[in-house]
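Read the structure below first, then the notes.
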Amino acid sequence: MDIRTVAETVSTNADMRTLAGDGVGEGTWLRAERQSGGRGRLGRDWESPAGNLYCSTIVRVRPGDPPPPTLALVTAVAVHQAIDALVPGRTQIKWPNDIMAGPAKLCGMLLERTGDAIIIGIGVNVMAHPQIADRPTTSLWALGAVESSAGTLIDSIAPVFADTLHAWRTYGLDPIRMRWLAAAHRPGTPLRVSLPDGEVLDGRFDHLSSGGELILRLDNGATRAIHAGDVFLV
């Protein structure tokens, strides 16, 4: 395990993309104490004050691996396990890989591909959380884990991620899917999904497909498989 820490950078994902081009291998992690240009999904800014965890790692896609997009579920399961050890029973996974405490977001992740490399960025609100008008947020400290720090958290996440990645490669997606379901919001939870084409769907969480898609049960009883989109608890 190779965990590198820098005082500040624009984006750990951007830096890891450069390292990927230089041939860096799996097990490498990059953590920044601050980011000046952190990004979330869909190009959103990710506020990056000191004290929170901003890190990236890399997975090299191999022949025979499960579909690379399902690494979102691998990452969610691993990070949730590390966080649950600090605040047992307080957090859940929201599809595909946000970590929530009730309606409030605690952690987000961003996966990007370059060649055979999947860059996985993870941001966890450890000591502070941004104030966002339409999106409740929280932090580990706000949940009572005041002894936690970004450094100790990445030390916990990295080995759990390695073990979960190994399980994904060895046994396939289904065991990861079952762990994801055990840590996620319950079936029947009301959700609103904003699709990439602008369509908005209201329904309830039904289940997770064998391929990792969110199955949304609509108000008319029909179901839709969600492959990509923004999911909101309502």
- [ ] Given the options GLN131, GLN35, GLN81, state which has the largest fluctuation in a GNM of the chain using a 10 Å cut-off (strictly under) for Cα springs.
- [x] GLN131
Task: Helix runs (DSSP H) in the chain reaching 30 Å along axis by Cα, Kyte-Doolittle at least -1.0 - done: 150-171
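Roll a 1.4 Å probe over the protein chains and send me the accessible area per residue for the chain in Å².
Per residue, the chain has an accessible area of 45 Å².
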Task: Dipole magnitude of the stretch 1-155 about its Cα centre (Cβ charges: Lys, Arg +1; Asp, Glu -1), debye to nearest 20 - done: 340
- [ ] Work out which GluC sites (Glu not before Pro) in the chain are exposed loop sites (DSSP not H, G, I, E or B, at most 10 other Cβ within 10 Å) and give the longest gap free of them.
- [x] 1-146
- [ ] Kindly rank 11-18, 73-80 from highest to lowest mean number of other beta carbons found within 10 Å of each residue.
- [x] 73-80, 11-18
Task: Projected label distance in nm at GLU26 and ARG62, using a 7 Å step from Cα toward the beta-carbon - done: 0.5
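Tally Lys/Arg at +1 and Asp/Glu at -1 over every other residue whose Cβ is under 10 Å from the Cβ of CYS55; what's the total?
Overall, the nearby charge balance is +2.
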Task: Net +/- balance of residues flanking TRP141 in space, Cβ distance below 13 Å, scoring K and R +1, D and E -1 - done: 0
TODO: Rounded to the nearest Å, what's the spacing between the alpha carbon centres of the stretch 58-82 and the stretch 134-177? Just the number, please.
DONE: 12
- [ ] Rounded to the nearest 500, what is the 222 nm mean residue ellipticity of the chain from helices alone, with -39500 (n - 2.57) per DSSP H run of 4+ residues and division by all residues?
- [x] -8000 deg cm²/dmol
TODO: Net charge near ILE3: determine it from the other residues with C-beta under 15 Å of the C-beta of ILE3, scoring Lys and Arg +1 and Asp and Glu -1.
DONE: -3
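The values are calculated or read from the model by the stated rules, or taken from the named source; none is laboratory data. Values in this document were obtained by computation on a predicted structure and should not be read as measured data. Reconstructed Cβ throughout: ideal geometry from the backbone, glycine too, with neighbour counts over all protein chains shown. Note: areas computed on protein heavy atoms with side chains; ligands, DNA, RNA excluded. Shrake-Rupley method; radii C 1.70, N 1.55, O 1.52, S 1.80 Å.
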